[in-house]
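Structure first, then comments.
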Number of protein chains: 2
Amino acid sequence: MSATVSPLAPKKYPKMPAVDGVRIATAEAGIKYRDRTDLLAMVFDAGTAAAGVFTRSKCPSAPVDFCRQNLAGGKARMLVVNSGNANAFTGKKGRETTRMTADAAARAVGGATGEVFLASTGVIGEPLDAGRFSHLLAGMAKEAAPGRWLDAARAIMTTDTYPKVATATVRLGDAEVTINGIAKGAGMIAPDMATMLSFIATDAPIAAPALQALLAGGVGSTFNAVTVDSDTSTSDTLMLFATGAAAKRGAPAIADAADPRLGQFKRALNRVLKNLALQVVRDGEGARKQVEVTVTGAKSARSAKRIALSIANSPLVKTAVAGEDANWGRVVMAVGKAGEPADRDRLAIWFGDNRLAVDGERDSSYSEAETSAYMKRDEIAIRVDLGLGRGKATVWTCDLTKEYVAINGDYRS
Amino acid sequence: MSATVSPLAPKKYPKMPAVDGVRIATAEAGIKYRDRTDLLAMVFDAGTAAAGVFTRSKCPSAPVDFCRQNLAGGKARMLVVNSGNANAFTGKKGRETTRMTADAAARAVGGATGEVFLASTGVIGEPLDAGRFSHLLAGMAKEAAPGRWLDAARAIMTTDTYPKVATATVRLGDAEVTINGIAKGAGMIAPDMATMLSFIATDAPIAAPALQALLAGGVGSTFNAVTVDSDTSTSDTLMLFATGAAAKRGAPAIADAADPRLGQFKRALNRVLKNLALQVVRDGEGARKQVEVTVTGAKSARSAKRIALSIANSPLVKTAVAGEDANWGRVVMAVGKAGEPADRDRLAIWFGDNRLAVDGERDSSYSEAETSAYMKRDEIAIRVDLGLGRGKATVWTCDLTKEYVAINGDYRS
């Protein structure tokens, strides 16, 4: 946790309702941090369905391996998350830690180890001793209570400067269902996913395969469309749990992600995903501005997204935004380096509503004064039209400031 | 030009001999900078062969387009380079500027416009008015003189903190031939090539197709193996000119790059290329340390290079080096995100001779004190062995400091 809260932090937090079938406990295990919580246990009623998407790193953490394996069963009874140590690149010891933690969690809730999910975030390469916290899980399972979502978000923070929560309540059939989510992440954030942990739970009765399809469908334009520093973590984990408790109140059991009754739910889930993903960007290490990059007119949506990410990951674009300069020449550079189809002489570039370039050259009618005023805002939108096709994509990032370098380079000095 | 010279600048410059058949002039055209030269003319004897490699940007500058077109002829009489304005993304006006400049240059040397080569470096998107400097070319062609290589290097600087020159003299047949080169570049530096301009000339009599093959063969492990910030320029230009003047002193005419008599020449050319490429890295914006990244044991050389670049471009690795921290966990991350074959449990990582990780976990025998002492050096070598195959590659970068952000973000404030 940083002493200075991001200027882009939410002004206030939503009231987080309980999600039927979910209970939460946090603890100070002292894994690395002092005087703060660093351990989260989320306990689910029996029969809770689980879905997840994970980092595409070729060097995933031990908990990521563990979760991938358990996801085949599709059932969850307990989620255990620690901050301060990522249990990544820890070899055999790392696997032992996940096994010991899962055994303790399973005993705590009277479930199977295959119904336990784990996530760890923090330093890479330090062995994580399960003995430091696994003995706490039985007590946490006992005292876990609904509604502690903000506490949950706090316990999983690392370099985050604020806890990240989001909630939505929508109708499913004749019943109201709730979707609550938390996230953490501030650096090592890039598609696909970043040192980002996010856990979402709903009381909607949705079967695991449908839940997985909903999550996979929602992630492309949300968590997989944000980048802070182009560095993809070993530990990225996004999970969605459905307790099904709303069935008692008349919510229909959903077996298929294409079920038309899911319309509202899908939109609300995607809103929660996007809200949390943007909170991560807005807490990007050293961030002072949120940057939305939209590419239109590309040959395909895939091509548009690659170009958008090339812009969003460019250190020169990001430092220009930090300097409040509408340096569209660097945007041209980033389009050019993406390796995707582009025709220089058809390019148009906007910062907000200010068109700075058109038909491959500077827009002679643009107002420098208006653009300069625009660049002082804390939310900047960059748009590029390629003039080639109908492909489009939007991604989000933050500016690159000296504070980013300080956070990631000065910690030893 | 920056007020503060990079701490990695060369302690002294080599004495640059003349290259027979090459004459140099520089001038203060006042294109953007004041009280410094910003225009370079290099005049070649008739019959000089030309070779070049250029940016792979999809949005190349007007001079890059112009050079690519003229390269088909393989002959050069004059090279004109300006700093302060890149003539990139300048549409039709940009093409007119190249034509007007080339016309004036051709008249100045009594050659054809197809024998003129142009390069521009500086701001993108500002129209470059050829009228500001094309009238100077006739006078420059007249007063051009041999041996002014350091002046030439100075005239093409932008954010460079020092001029970059290199030279080699080797035997070709029974004659001595000289290879001289200059380069500029400090930011927007990434494979393939960066806002990097480099011009090399030799008096060796080598035909254009052979010259092109030599240049293309040498660039992969030199200029295309350096990155400062992963941002590829619109303007990268590397050209090699061979006047053939050494033929008068008995050097054999070379028509084929595979000619065995080229052995010494090839090695010397590659040394000059590597020397200049490393000077660019060592002048990377804000650089305090040079970082050499070597990947061995990859599935292929191509895979090794991609992983090496993933490490060299990672902001988290680069900020850790700036902070003098041997943060090998971030190296694991960068290996994992490269998307290339890697087996976490076979990875080994060294900083210098200090092995920090082996078989997928921390090397329990590594000395933190020795590693910390090593990280204080100004040249850091990171080595990763993947344990999969025989592919290997080395690339070079610099650290990422607050000064980089200041140079690229504070220029307006």
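Values computed for the structure shown
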{"read-out": "Subset of the range B:90-123 that is more than 14 Å from every other protein chain (Cβ to nearest Cβ) and in a loop (DSSP other than H, G, I, E, B) - its residue that is nearest to A:Leu356 (Cα to Cα)", "value": "B:Ala112"}
{"read-out": "For A:Ile31: the one exception among (1) assigned to a strand (DSSP E or B); (2) in contact with a Lys or Arg (Cβ under 8 Å, 6 or more places away or on another chain)", "value": "(1)"}
{"read-out": "Tally, over the range A:265-303, of residues that are within 14 Å of chain B (Cβ to nearest Cβ) and within 30 Å of B:Ala186 (Cα to Cα)", "value": "9"}
{"read-out": "First in the range A:260-272 and within 15 Å of A:Met239 (Cα to Cα), second anywhere and in a helix (DSSP H, G or I), Cβ under 7 Å, 6 or more apart", "value": "A:Leu269/A:Leu214; A:Leu269/A:Gly218; A:Asn270/A:Gly218"}
{"read-out": "Any hit, the range B:158-173, residues being among the hydrophobic types (A, V, I, L, M, F, W, C), assigned to a helix (DSSP H, G or I) and crowded, with 18+ Cβ neighbours inside 10 Å", "value": "no"}
{"read-out": "Candidate set: the range A:358-384, residues that are within 33 Å of the chain's Cα centre (by Cα) and within 14 Å of chain B (Cβ to nearest Cβ); chosen: the one surrounded by the fewest Cβ atoms within 10 Å (Cβ to Cβ)", "value": "A:Lys376"}
{"read-out": "Residue within the range B:180-196 that is on the phi < 0 side of the Ramachandran plot, of a type in the set (Ser, Thr, Tyr) and at pLDDT 85 or above present", "value": "no"}
{"read-out": "Near pairs, Cβ below 6 angstrom, 6+ apart or cross-chain, from the range B:135-161 (closer than 15 Å to B:Leu276 by Cβ) to any residue that is of a type in the set (Asp, Glu) and surrounded by 24 or more Cβ atoms within 10 Å (Cβ to Cβ)", "value": "B:Asp160/B:Asp283"}
{"read-out": "Answer from A:Ala326, A:Ala320 - the residue that is of a type in the set (A, V, I, L, M), within 13 Å of chain B (Cβ to nearest Cβ) and within 30 Å of B:Gly323 (Cβ to Cβ)", "value": "A:Ala320"}
{"read-out": "Selected residue (criterion: modelled with the lowest pLDDT) from residues of the range A:198-213 that are surrounded by 24 or more Cβ atoms within 10 Å (Cβ to Cβ) and under 30 Å from A:Gly391 (Cα atoms)", "value": "A:Ser198"}
{"read-out": "Which numbered condition B:Ala301 misses (of (1) buried (at least 24 other Cβ atoms within 10 Å of the Cβ); (2) within 30 Å of A:Gly125 (Cα to Cα))", "value": "(1)"}
{"read-out": "Residue check, A:Thr401 under 28 Å from the mean Cα position of the chain (by Cα) and more than 14 Å from chain B (Cβ to nearest Cβ)", "value": "no"}
{"read-out": "Residues (touching a strand residue (DSSP E or B) at 6+ places or on another chain (Cβ under 6 Å), at pLDDT below 95 and of a type outside the set (D, E, K, R)) located in the range A:357-381", "value": "A:Ala357, A:Val358, A:Tyr366, A:Thr371"}
{"read-out": "Out of A:Lys289, A:Lys274, sole residue that is among the basic types (Lys, Arg) and buried (at least 21 other Cβ atoms within 10 Å of the Cβ)", "value": "A:Lys289"}
{"read-out": "Filter result (assigned to a loop (DSSP other than H, G, I, E, B), among the small types (Gly, Ala, Ser) and modelled with pLDDT of 90 or more) within the range A:214-250", "value": "A:Gly244, A:Gly250"}
{"read-out": "Single condition A:Ala145 does not satisfy, out of (1) modelled with pLDDT under 95; (2) under 27 Å from A:Ala208 (Cα atoms); (3) surrounded by fewer than 24 Cβ atoms within 10 Å (Cβ to Cβ)", "value": "(1)"}
{"read-out": "Among (1) surrounded by 17 or more Cβ atoms within 10 Å (Cβ to Cβ); (2) in contact with a helix residue (DSSP H, G or I) (Cβ under 6 Å, 6 or more places away or on another chain), the one test that B:Arg154 misses", "value": "(2)"}
{"read-out": "Boolean, B:Ala138 is more than 25 Å from B:Ala210 (Cα to Cα), out of contact with any strand residue (DSSP E or B) (no Cβ under 7 Å at 6 or more places or on another chain), surrounded by fewer than 22 Cβ atoms within 10 Å (Cβ to Cβ) and not polar (S, T, N, Q)", "value": "yes"}
{"read-out": "Residue check for A:Arg36: basic (Lys, Arg), buried (at least 16 other Cβ atoms within 10 Å of the Cβ), more than 30 Å from B:Pro341 (Cβ to Cβ) and under 26 Å from the mean Cα position of the chain (by Cα)", "value": "no"}
{"read-out": "A:Leu316 vs. criteria closer than 22 Å to A:Arg377 by Cα and out of contact with any helix residue (DSSP H, G or I) (no Cβ under 6 Å at 6 or more places or on another chain)", "value": "no"}
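Results for (1) at pLDDT 95 or above; (2) over 30 Å from B:Phe54 (Cα atoms), shown as yes or no for each residue.
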position	(1), (2)
A:Val331	no, no
A:Arg383	yes, no
A:Leu388	yes, no
A:Thr394	no, yes
A:Glu403	no, yes
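Conditions tested, residue by residue: (1) part of a loop (DSSP other than H, G, I, E, B); (2) at pLDDT below 95.
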{"position": "B:Ala9", "(1), (2)": "yes, yes"}
{"position": "B:Pro17", "(1), (2)": "yes, no"}
{"position": "B:Gly52", "(1), (2)": "no, yes"}
{"position": "B:Val80", "(1), (2)": "no, no"}
{"position": "B:Gly84", "(1), (2)": "no, yes"}
{"position": "B:Ala88", "(1), (2)": "yes, yes"}
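The values are calculated or read from the model by the stated rules, or taken from the named source; none is laboratory data. None of these values were measured; they are calculated from a predicted model. Glycine gets a Cβ as well: all are built from the backbone with ideal geometry, and neighbour counts include every protein chain shown.
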